[in-house]
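The values are calculated or read from the model by the stated rules, or taken from the named source; none is laboratory data. Predicted model only: the values in this text are computed from it and were never measured. Cβ sites come from the backbone with ideal geometry, for glycine too, and all protein chains shown count toward neighbours. What goes into the accessible areas is simple: the full protein's heavy atoms, side chains included, and nothing from ligands, DNA or RNA. Shrake-Rupley method; radii C 1.70, N 1.55, O 1.52, S 1.80 Å.
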Amino acid sequence: MGVSGEPGNGAGETGNEAGETGNGARETGSSGTGPGGGAVVLAVDAGNSKSDVAVVGVDGTVLGRARGGGFQPPVVGVGAALDVLAAPVAEALERARAAGMAPGRVELVSACLANADFPAEEEALGAAIAERGWGRTAVVRNDTFALLRAGAEEPRGVAVVCGAGINCVGMLPDGRTARFPAIGRISGDWGGGVGLAEEAMWWAARAEDGRGEPTELARALPAHFGLDSMYGLIEDVHLRRVRSGWRHELAPVLFAVAAAGDAVAAALVERLAGEVAAMALVALERLGLLAEEVPVVLGGSVLAAGHTALDERVAALLAARAPRAVPRVVTAPPVLGAALLALDGVGAPEAARARLRTAYRAATAGVRPG
């Protein structure tokens with residue numbers, strides 16, 4: 001499986017066909033100066049737990065960066081979520097001005113946001129960002145598009161992210177996209193760290209009480225929390241005595257048990273590989289890319305963790321139907337992808353994108369060997 005720390009997007013229609021770009025694009029003022037005229041772009045990658053912002057010149061120079069809190073409009077509302085985002089935006093812009101950016105020169109805001117799962121949500125968020133006046137034009141996309149663009153040399157390919165949840169998008173240079181609602185079980189999803197944790201708990205509980213087949217998970221899961229039984233772990237979870245975020249801790253335990261040869265844990269890893277491959281293959285098919293040489297970008301905490309059995313099985317399943325697809329695990333920050341999308345949007349030259357990738361390569365350890 002290929003790996004990459006650096007390498008268009010547009011979120012189109014959801015459903016079973018490739019859609020035209022919608023992307024919540026909003027004009028917030030007169031047209032800008034264009035490439036080479038001193039304009040800059042503002043890139044935002046906002047996830048549930050943190051947000052990264054970068055101000056980038058149209059020549060690819062990074063002028064300012066900042067990090068802020070999570071972006072959770074379903075929990076706090078759109079206005080309050082954007083208030084959280086406003087702090088790192090202001091900080092990045094201030095650093096850019098200190099680096100010589102002229103006031104009022106943000107040509108395009110490229111915002112790749114968690115919880116922007118449907119075009120209607122992208123439109124609403126695009127309008128709300130336009131009202132903030134952060135730039136002359138604002139384009140909102142689901143945050144999985146940032147991962148895709150960070151791992152692709154051009155706006156062409158498919159990405160699957162598997163962190164707390166699971167999602168997949170695909171895109172072509174002409175703006176067509178493929179995507180899934182990816183809002184959980186009701187949209188047909190299975191997998192992600194949280195889902196894996198709950199499946200592992202289910203199998204371990206049944207193994208301990210006799211309803212299911214034996215599995216080492218029944219010992220390993222409670223042992224992770226210093227407990228000696230699934231009964232004790234279930235009680236602590238129910239009474240909220242276990243630390244918050246406990247589900248996110250269990251995926252590595254599951255993979256370790258699977259690697260040691262446990263049949264139940266290995267079957268869950270196999271199922272996850274099938275889900276990752278199925279999403280990628282459907283997106284490739286919708287975009288007419290099954291027979292093409294094209295990147296399949298893999299990211300998120302589960303897929304970027306270097307689980308050999310998972311990596312190898314995903315690669316094998318992809319090769320069976322898309323033999324020219326090139327799976328690559330990307331750990332570069334997704335804000336790089338949001339910035340590349342912005343440079344695509346203003347027609348910046350390839351040299352600008354190369355300069356931007358080089359800057360992020362120097363600033364981060366973006367490649368996982370493997």
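The length gained on full extension between A127 and E198, counted as 0.36 nm times the residue separation minus their Cα-Cα distance, comes to 21.9 nm. The string of couplings for the range 43-54 from the Karplus curve (6.51, -1.76, 1.60, θ = phi - 60°) is 9, 10, 10, 10, x, 5, 9, 7, 10, 10, 10, 9 Hz, one whole number per residue in order, with x for Gly and Pro. A simple charge model with +1 on the Cβ of Lys and Arg, -1 on the Cβ of Asp and Glu and nothing else charged puts the dipole of the chain at about 800 debye relative to its Cα centre. Computed from backbone phi, the HN-Hα couplings of the range 281-287 come to 5, 5, 5, 4, 5, 4, 8 Hz, rounded to whole numbers (Karplus: 6.51 cos²θ - 1.76 cosθ + 1.60, θ = phi - 60°; Gly and Pro given as x). Ranking of V75, V253 by solvent-accessible surface, largest first: V75, V253 (1.4 Å probe, protein heavy atoms only, all chains present).
Fully extending the segment from E153 to R185 would add 8.2 nm, taking 0.36 nm per residue of separation and subtracting the current Cα-Cα distance.
Protein-only accessible surface at a 1.4 angstrom probe places the residues H307, H238, H224 in the order H238, H224, H307, largest first.
Split the accessible area of the chain by element, probe 1.4 Å, and carbon with sulfur accounts for 53%. Three semi-axes describe the equivalent ellipsoid of the range 103-154; taken as square roots of 5 times the Cα gyration tensor eigenvalues and ordered largest first, they are 20, 16, 7 Å. Where [x] 21.1; [y] 24.0; [z] 23.5 are the candidate values, the label of the one calculated here for Kirkwood radius over Cα pairs in Å is [x]. Note on the chain: dipole from Cβ charges, positive end direction compared against G104, V76, G193; the farthest Cα belongs to G104. About its Cα centre, the dipole of the range 77-176 is roughly 280 debye, where the only charges are +1 on Lys and Arg Cβ and -1 on Asp and Glu Cβ. Residues in the range 133-141 carry Karplus couplings, in order, of x, 6, x, 6, 9, 10, 10, 10, 9 Hz; the curve used is 6.51 cos²θ - 1.76 cosθ + 1.60 with θ = phi - 60°, and Gly or Pro positions show x. If you sort T331, T144 by accessible surface, 1.4 Å probe, largest first, the order is T331, T144. Protein heavy-atom accessible surface, 1.4 Å probe, per residue over the chain: 41 Å². Rolling a 1.4 Å probe across all protein chains gives R132 an accessible area of roughly 90 Å².
By a 1.4 Å probe calculation restricted to protein chains, F71 has an accessible surface near 0 Å², given to the nearest 10.
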